[in-house]
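Note sheet for the following structure.
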Amino acid sequence: LAKTTQPISMDSYEGQEVNITCSHNNIATNDYITWYQQFPSQGPRFIIQGYKTKVTNEVASLFIPADRKSSTLSLPRVSLSDTAVYYCLVGELTGGGNKLTFGTGTQLKVEL
Amino acid sequence: KAGVTQTPRYLIKTRGQQVTLSCSPISGHRSVSWYQQTPGQGLQFLFEYFSETQRNKGNFPGRFSGRQFSNSRSEMNVSTLELGDSALYLCASSLKQGGGEAFFGQGTRLTVV
């Protein structure tokens, strides 16, 4: 699976937009990009998934450039409850099973 | 719709003992994966079961084993416990193999003393 690189930590304030970028230079043709959120002592929670261009759901947007060597998770108007660790994963779209490889993640801290 | 249920939530065991953890996936989900999370190593994949067959395995010693039943419920067993096995063990279920969208349980916090 492609290795991912994310910032270790980020700080923000309530109401701001937060963009977390993930690098995955060796992403393969069959790989998709998925982001998870994890609060302390809880299991990770699926946020969003994409393959190329832009994907948006009710909580976030995912921007993927044409070369797919990076991706950016965008969280609009964050609140204190968005303080968590965010993981970027890349993995096969089909047939690869659900062997998810988590990196170190990005610790997002949101303050008043 | 009920989420992924893991039991027990907390467990304290002594070195050398064995332990069995249980995971009930979301109804209809056939893929169950297990993960170990520690402060030092982060989230690491243990194994995945799909339709009662182990489909993927992570890099853990043979003391870690698992199985899946016909109703998709899964158990994970760790024998001859070591202090380093203290961790949060997470189970995730998915509707299908592949796809990357998994639903995690709250985990079982295992402490080995």
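Whole-percent P(r), the protein assembly as shown, all Cα pairs, 5 Å bins from 0: 1, 7, 14, 18, 18, 16, 12, 7, 4, 1, 0.
For the protein assembly as shown, the antiparallel share of DSSP beta bridges with both residues in that region comes to about 90%. Taking a straight line from the alpha carbon of B:Lys57, these aspartates and glutamates sit under 13 Å away, with near neighbours fewer than eight places off in the same chain left out: B:Glu48.
Estimate the FRET efficiency between A:Ala66 and A:Asn19 by the formula 1/(1 + (r/R0)^6), using the beta-carbon distance for r and 25 Å for R0, to the nearest 0.05. Walk me through the numbers before you get to the answer.
Values: r = 18 Å, r/R0 = 0.73.
E(calc), rounded to 0.05, equals 0.85.
Show me the GluC sites (Glu not before Pro) within the stretch A:6-101 that DSSP assigns to loop and that have at most 15 other Cβ atoms within 10 Å of their Cβ.
Values: sites: A:Glu14, A:Glu17, A:Glu58, A:Glu92; in loops: A:Glu14, A:Glu17, A:Glu58.
Taking the stretch A:6-101 and a limit of 15 other Cβ atoms within 10 Å, the loop GluC sites (Glu not before Pro) found are A:Glu14, A:Glu17, A:Glu58.
Checking every one of the trypsin sites (Lys or Arg not before Pro) in the stretch A:19-74 against DSSP loop status and a limit of 15 other Cβ atoms within 10 Å picks out A:Lys52, A:Lys69.
With the simple model of a label 7 Å out from the Cα in the direction of the Cβ, A:Val59 to B:Arg73 spans 2.8 nm. Dipole size of chain A about its Cα centre, with +1 on Lys/Arg Cβ and -1 on Asp/Glu Cβ: approximately 320 debye, rounded to the nearest 20. Positive-end ranking of B:Thr111, A:Thr5, B:Ser72 along the dipole of the protein assembly as shown, with charges on Cβ about the Cα centre, is headed by B:Ser72.
Divide, for chain B, the radius of gyration over alpha carbons by 2.2 N^0.38 Å, where N is the residue count.
Working: Rg = 13.1 Å, N = 113, 2.2 N^0.38 = 13.3 Å.
Against the empirical 2.2 N^0.38 Å value, I get 0.99 for chain B.
Placing unit charges on the Cβ atoms of the charged side chains and taking the dipole of the protein assembly as shown about its Cα centre, the candidate lying farthest along the positive direction among A:Ser70, A:Thr106, A:Thr34 is A:Thr34.
Read-outs throughout are calculated quantities, based only on the coordinates presented, and are distinct from any laboratory measurement. Keep in mind it's a predicted model, so treat the numbers as computed, not measured. We place every Cβ from the backbone using ideal geometry, glycine too, and count neighbours over all the protein chains shown.
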